[in-house]
Amino acid sequence: MICAVYKSSLKQETYLFVSKKGNFDDVPEPLMKMFGTPSLVMLLPLGKKKKLAIADIEKVKEEVFTKGFYLQLPPPQENLLEEHRASLGLDKVEQ
């Protein structure tokens, strides 16, 4: 299975995997509005891949096959200050 991967023009590090290049028929309209103008990044042969950098390859395959698309969101941002304070046993900074 080959899918097309598009990046969002509105959301950084957000990608949309669709079953066919240029076919967004299965993607809900509200999602497309939030995603913005899709920009093609690559055609990806999912059958030959064993893993992806961020997403679970099996989940991507399943959703592209069943729903016609997969939305990859950016990983959550780390709060290094909170992690450091927690490692020291300190409470969160009061605001």
ask   = Restricting the search to segment 9-34, which residues are under 19 Å from Lys59 (Cβ atoms) and in contact (Cβ under 8 Å) with a residue 24 or more places away in the chain?
value = Glu13, Thr14, Tyr15, Leu16, Phe17, Val18, Ser19, Asp26, Val27, Leu31
message = Just to confirm my filter: which helices (runs of 4 or more DSSP H) fall fully inside the chain and include at least 2 residues that are modelled with pLDDT of 90 or more, in contact with a Ser or Thr (Cβ under 9 Å, 6 or more places away or on another chain) and surrounded by 17 or more Cβ atoms within 10 Å (Cβ to Cβ)?
response = none
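The values are calculated or read from the model by the stated rules, or taken from the named source; none is laboratory data. The structure displayed is predicted, hence computed values, not measured ones. Glycine gets a Cβ as well: all are built from the backbone with ideal geometry, and neighbour counts include every protein chain shown.
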